[in-house]
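Heads up: the structure comes next, in structure tokens.
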Amino acid sequence: MFSLKGKKGLVVGIANDQSIAYGCAKAFRDQGADLALTYLNEKAKPHVEPLAEALDAEIFVPCDVRGEGQLKAVFDEIERKWGKLDFVLHSIAFAPKEDLHGRVVDCSREGFSMAMDVSCHSFIRMAKYAEPLMKDGGTLLTVSFYGSEKVVEHYNLMGPVKAALESSTRYMAAELGPKGIRVHAVSPGPLKTRAASGIDRFDQLMARAAERAPQHHLVTIEDCGAMAAFLVSDAAKSLTGSVAFVDAGYNIVA
């Protein structure tokens with residue numbers, strides 16, 4: 001149906017082989033894309049490096065978006081090695097546990113700022129660095145969740161943060177559209193990833209989603225990868241600014 005052969009993409013957010021980012025990276029590679037991958041720090045590197053090797057990643061560099069200059073260094077390396085970029089997947093989110101597990105009205109200024117910086121503003125910064133490398137257009141993807149639109153019990157602080165992320169997606173799609181750069185958010189249903197494990201009573205959320213979704217099952221990282229690969233392909237060249245749900249229909253249920 002489509003191919004990513006010849007396209008070069010950056011994937012940020014792989015923690016292990018259960019990560020949404022890994023499911024997407026594998027789908028990109030299966031369709032022929034060349035990949036640049038990042039790892040958070042030296043502690044995370046042993047978990048990610050074998051995956052990078054299996055995916056034949058041409059670039060493998062550290063990236064903690066909270067570290068001064070680290071994100072820019074990633075794009076500098078891409079410019080040095082490739083001179084271009086066709087797509088970016090941003091699949092990172094973080095909130096301090098004490099703020100995430102409490103009420104939104106009780107969250108600290110510091111916790112809110114950190115959650116917004118890592119989970120939302122880092123995507124905006126990636127778009128800024130990617131723009132000059134996407135000379136022939138490209139695609140920017142991020143990962144959201146239904147709790148951005150509706151109140152999901154125990155999702156707490158991440159709800160407003162993901163709402164900001166989705167709004168940023170739309171504004172950047174409008175701003176970058178004239179340059180042929182498309183921007184989307186992929187919104188999977190609940191998945192048992194390392195990041196999701198920090199959400200209180202997440203097992204209950206997954207069970208409820210499987211019960212209530214019209215298709216009565218949970219989605220997989222492979223499902224997310226299939227959607228992401230389509231969105232970065234030329235087959236989706238007339239789509240931008242969307243929130244693409246991959247949740248077995250859960251988002252349509254009242």
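Every number here is computed from the coordinates shown, using simple stated rules; none is lab data. In this text the structure is predicted, and so the values were computed from the model without any measurement. Note that each Cβ is placed from the backbone with ideal geometry, even for glycine, and that neighbours are counted across all protein chains shown.
Helix 221-232 sits at what angle to the longest principal axis of the chain, using alpha carbons and giving 0 to 90 degrees rounded to 10?
50
Give me a comma-separated list of calculated 3J(HN,Hα) values for region 38-51, in order, Karplus coefficients 6.51, -1.76, 1.60 applied at θ = phi - 60°, integers in Hz, x for any Gly or Pro.
10, 10, 5, 6, 5, 5, 7, 3, x, 7, 9, 4, x, 5
Taking the Cα centre of each part, how many Å lie between region 218-254 and region 101-159?
Comparing the Cα centres of region 218-254 and region 101-159, I get a distance of 18 Å.
Relative contact order for the chain: what is it in percent, counting Cα pairs under 8 Å that are at least 6 residues apart?
21
Of Val48, Val61, Phe145, which is farthest towards the positive pole of region 8-249's charge dipole, taken about the Cα centre with +1 and -1 on the beta-carbons of Lys, Arg and Asp, Glu respectively?
Looking along the dipole axis, the top candidate is Phe145.
So, R0 is 25 Å and r is the distance between the beta-carbons of Ser167 and Glu77; what FRET efficiency does that work out to, to 0.05?
Once rounded, the FRET efficiency stands at 0.25.
By a straight-distance test (C-alpha under 19 Å), which lysines pair with Lys5 as possible cross-link partners, with residues fewer than eight away in the same chain excluded?
Output for Lys5: Lys26, Lys81, Lys84, Lys135, Lys237.
Output needed for the chain: three equivalent-ellipsoid semi-axes, defined as square roots of 5 times the C-alpha gyration tensor eigenvalues, in descending order, whole Å.
Over the Cα atoms of the chain, the ellipsoid semi-axes are 27, 20, 18 Å.
What full-extension length gain, to one decimal in nm, is calculated for Ser108 and Ser238 as 0.36 nm per residue of separation minus the Cα-Cα distance?
42.7 nm
What residue among Ala130, Ala229, Ala210 shows peak mean-square fluctuation when the chain is described by a Gaussian network model with Cα springs under 10 Å?
Ranking Ala130, Ala229, Ala210 by mean-square fluctuation puts Ala210 first.
For region 112-196, what's the relative contact order in percent, using C-alpha pairs closer than 8 Å and at least 6 residues apart?
Reported relative contact order: 37 percent.
Give me the distance in nm between label points sitting 7 Å out from Cα along the Cα-to-Cβ direction at Asp136 and Arg201, one decimal.
5.2
In whole angstrom, how far apart do the alpha carbon centroids of region 62-78 and region 44-60 sit?
17
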